[in-house]
Each structure stands twice: as structure tokens, then as C-alpha cells.
């Protein structure tokens, strides 16, 4: 049994005429009749009562017609999915992002644009640190990642990156802190005596190292009070008076009460965001996603 036989049978069953079915299918009548007969032989059942003038469905034929239509419908849908996937219109794409990325206005805009322009595609969003993303790209458990590179980041040879935008680093202070009323940018040296709450060094985003470098240039080594893996947790600990922090300015959008954000007067107090994906990944859907992201580079806020 093959799909051609199913199509032939459905045409005859709907037309109740071998000649009309042959015209509809643009085939000659003898091969059509032979294929329907072969189908009946394989099934071991008579599907059509026929004489020289009339064709009618048997009880078995009526039941089989319903199943044949369903099978052909599934085949057509499967063929359409394959066609869309080959054109980058369907399939699944796994997108990783660091914690602060959704706070940038460009990220939800990119995701919304991609989903609306590719309704047949599925976008799975996965929260990962920079280090986790690089490993996941290597073992092919994600397709693309939004990550914050370390200061000396050099992508592996098989990883392609796209510069997206740069965030300013800001000081996060308890609202009652003596420096909270200062409206002008703060010198890094003003933080020398403060307890710091930072991301762990091992996350791979480079913020820990960047703060250490900025502090070293200002002539001090930060006093590390607490580490936390989530930016919102760091902001919450600052609000609780556990210390201060230096974070990308996107965290100002968290809306956590009890903290203020103040600029640093250091020009290189910045944090980059990159898009990363495998160079050898030729999946059409990935290329479509990159095409959606590219015009948004540099438009985070």
C-alpha cells in the first residue's frame, strides 16, 4: 500500500466514477482501476461495488475512506512542515540568554518580531550564564546565545559572534546611603571602603573581573561581602543594606525598591552583549533569527 493508491481510491470514492476520477487525477483509467484493485487485494476487502454504470462504496469502503483522508491530510501537513523548515519558516530554535538580557528593550522586541514573522517556528528560551552558553554551544544543546563576554574574551574558532550593544556599568546603592544623593558620576575611588556584592568569577560574564580592574586602577581592592548568581538577588541584597554593587544599567529596570543607581565617571565602565552561534550551523531557521537580530544591534534602550 502506498499514498498513490490512497489518492486514487479517495478520488474514485468521492467522484463515484472511475472515469471522472481519472480526469481529476490526470491519469488514464486502466492504471487507476488496477491500483484500486491492488489496494483491495492487499486489504483483503472490497471497497467499491462497481458495475458497468455505477460505483458505490461498500461499508468497508466508507470506513476506509475516512482513514485514507486522514492519512493523506497528515502526509500533506508533514510535507508542508518540511517545506517550511527547509525555508527557515518552521522548526525549533533554542535561544539562551543571561539574566540581564530580557531587561534590555531590544530583546523582547527581537523575540516578538521573530515569533510574529515565523508563526510556524518554536522558540525555546533558556536562561544560562555566559560560561554555560559557551559549553552548550559546543555540545549543541542550544543554537544561539545572548551573552556577556569577559574582558579578554576570545571566541572559540567555531563560534561566530555579533556585537549587539553596550551597557553602562552603574553603582547600585541602598537608598539611604551617603552617596545616594550624589547626582554627578561617582569616581570608583569613592567606593574603596564599601562592602561589595558581586557575581561569582566563574559565571564567565566578566563583571567580577571588570570590577576588580576598575578598583585596581582606582588604587584599592574591593572588600567582597557576598556573591550571588542572580542580578536581581544582588539588587535585593543591596536594598537590605548588605553592601553595594556595580552592575549593567539594565538592572535599573527591575523596579526593586530601596536602591538607587549612580553612574561611574570611568569611560570604560561598560559591559558588552554579544550574539553567539556556531559557524558551521547552516540551519535556515538560525539564519532567519540572526537576520531578525542584526537590525537591532546597538538599539538596546
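General observations
- Number of residues in the stretch 62-89 that are surrounded by 12 or more Cβ atoms within 10 Å (Cβ to Cβ) and modelled with pLDDT of 85 or more: the value is 7.
- Yes/no for residue 123 being in contact (Cβ under 8 Å) with a residue 12 or more places away in the chain, within 20 Å of the chain's Cα centre (by Cα) and under 23 Å from residue 254 (Cα atoms): no
- With respect to the conditions (1) crowded, with 16+ Cβ neighbours inside 10 Å; (2) within 26 Å of residue 106 (Cβ to Cβ); (3) not assigned by TED's automatic domain parsing to the domain that holds residue 99, residue 276 falls short on a single one, namely (3).
- When residues of the stretch 196-226 are limited to those that are in a loop (DSSP other than H, G, I, E, B) and farther than 12 Å from residue 271 by Cα, the one nearest to the chain's Cα centre (by Cα): 204
- Any pair with Cβ under 6 angstrom, 6 or more apart, that starts in the stretch 175-195 at a residue that is part of a helix (DSSP H, G or I) and ends at one that is surrounded by 15 or more Cβ atoms within 10 Å (Cβ to Cβ): 179/173; 180/173; 180/260; 188/214; 188/218; 188/266; 189/218
- Filtered residue count, the stretch 196-206, keeping only those that are surrounded by fewer than 18 Cβ atoms within 10 Å (Cβ to Cβ) and either under 16 Å from residue 170 (Cβ atoms) or touching a residue at least 12 places away in the same chain (Cβ under 8 Å) (or both): 2
- Given (1) farther than 20 Å from residue 246 by Cα; (2) out of contact with any helix residue (DSSP H, G or I) (no Cβ under 7 Å at 6 or more places or on another chain); (3) crowded, with 17+ Cβ neighbours inside 10 Å, number of the condition residue 135 does not satisfy: (3)
- Test result for residue 239, surrounded by 15 or more Cβ atoms within 10 Å (Cβ to Cβ), more than 25 Å from residue 133 (Cβ to Cβ) and out of contact with any strand residue (DSSP E or B) (no Cβ under 8 Å at 6 or more places or on another chain): no
- Contact annotation: residue pairs with Cβ atoms under 6 Å, 6 or more positions apart or on different chains, pairing a residue in the stretch 286-297 that is in contact (Cβ under 8 Å) with a residue 24 or more places away in the chain with a partner that is crowded, with 19+ Cβ neighbours inside 10 Å and in a loop (DSSP other than H, G, I, E, B), are 286/143.
- Yes/no for residue 143 being at pLDDT 90 or above, surrounded by 14 or more Cβ atoms within 10 Å (Cβ to Cβ) and within 16 Å of the chain's Cα centre (by Cα): yes
This table checks each residue for (1) closer than 22 Å to residue 279 by Cβ; (2) in contact (Cβ under 8 Å) with a residue 60 or more places away in the chain.
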residue	(1), (2)
99	no, yes
106	no, yes
139	yes, no
149	yes, yes
160	yes, yes
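The values are calculated or read from the model by the stated rules, or taken from the named source; none is laboratory data. Fair warning: this is a prediction, and the values are worked out from it, not measured in the lab. We place every Cβ from the backbone using ideal geometry, glycine too, and count neighbours over all the protein chains shown.
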